[in-house]
1. From the list 47, 30, 78, which one is under 17 Å from the mean Cα position of the chain (by Cα) and either on the phi > 0 side of the Ramachandran plot or at pLDDT 95 or above (or both)?
2. Take residue 67 and decide whether it is more than 14 Å from the chain's Cα centre (by Cα), modelled with pLDDT of 95 or more and at negative phi.
3. Residues of the stretch 4-27 being in a loop (DSSP other than H, G, I, E, B), exposed (fewer than 14 other Cβ atoms within 10 Å of the Cβ) and either in contact (Cβ under 8 Å) with a residue 12 or more places away in the chain or touching a helix residue (DSSP H, G or I) at 6+ places or on another chain (Cβ under 6 Å) (or both), which ones?
4. Looking only at the stretch 104-112, decide whether some residue is more than 22 Å from residue 25 (Cα to Cα) and assigned to a helix (DSSP H, G or I).
5. Would you mention how many residues in the stretch 43-72 are in contact with a Phe, Trp or Tyr (Cβ under 6 Å, 6 or more places away or on another chain) and outside any helix (DSSP H, G or I)?
6. Of 90, 66, 48, which residue is touching a Lys or Arg at 6+ places or on another chain (Cβ under 6 Å) and of a type outside the set (Ser, Thr, Tyr)?
7. Keeping to the stretch 106-150, report how many residues are of a type outside the set (A, V, I, L, M, F, W, C) and surrounded by fewer than 17 Cβ atoms within 10 Å (Cβ to Cβ).
8. Residue under question is residue 40, and the condition is that it be surrounded by 15 or more Cβ atoms within 10 Å (Cβ to Cβ) and either modelled with pLDDT under 95 or within 25 Å of residue 134 (Cβ to Cβ) (or both); does it hold?
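The values are calculated or read from the model by the stated rules, or taken from the named source; none is laboratory data. Values in this document were obtained by computation on a predicted structure and should not be read as measured data. Glycine also receives a Cβ, built like all others from the backbone with ideal geometry; neighbour counts cover every protein chain displayed.
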Amino acid sequence: MAAAKPWWLLLLPVSYLFHLAEEWWGGEGFAAWTARAVGSPVSPTRFILLNGFVWPLFFSLTIAAILRQKLAWFPAVFATVVLVNAALHILGSLATSTYSPGLVTGVLFYLPVGAAALVFSRRFAAPSAFRRAVLVGVLIHAVVGVIAFA
């Protein structure tokens with residue numbers, strides 16, 4: 001009998017959609033908040049284009065990881081990206097004493113789902129693949145940050 005597929009990993013892209021909605025509509029919106037709080041706005045057009053590319057890619061790769069155990073490393077990439085993002089929303093809110101749009105979904109969704117996905121990948125991916133996946137997740141978040149604020 002085949003092992004059950006980890007369909008719960010779809011919580012990663014679902015939480016990403018909720019997070020994007022909060023960043024767009026939460027408070028003054030993430031673009032306005034970054035302009036005010038850090039002096040460097042993320043343009044709404046860039047926000048839409050970047051996430052319009054990344055979300056479908058990450059959704060597709062999550063489906064592939066669910067269907068093929070040899071891709072069990074990918075949830076570690078995605079989880080690392082969302083965990084870094086949650087940490088940055090928390091730090092941004094603490095540093096500015098303001099609400100960073102994305103903070104609520106970062107704490108309520110990204111932290112638990114990201115942690116669970118890391119545990120999943122650590123269990124099913126080869127140790128070297130897991131370590132590389134975490135590093136790639138950090139690098140992806142850094143690159144996205146550079147693109148968003150360029």
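1. 78
2. So residue 67 fits the description; yes.
3. 5
4. Yes.
5. Looking only at that region, the number is 1.
6. That would be 66, the only listed residue that is touching a Lys or Arg at 6+ places or on another chain (Cβ under 6 Å) and of a type outside the set (Ser, Thr, Tyr).
7. 7
8. Answer is no for this residue.
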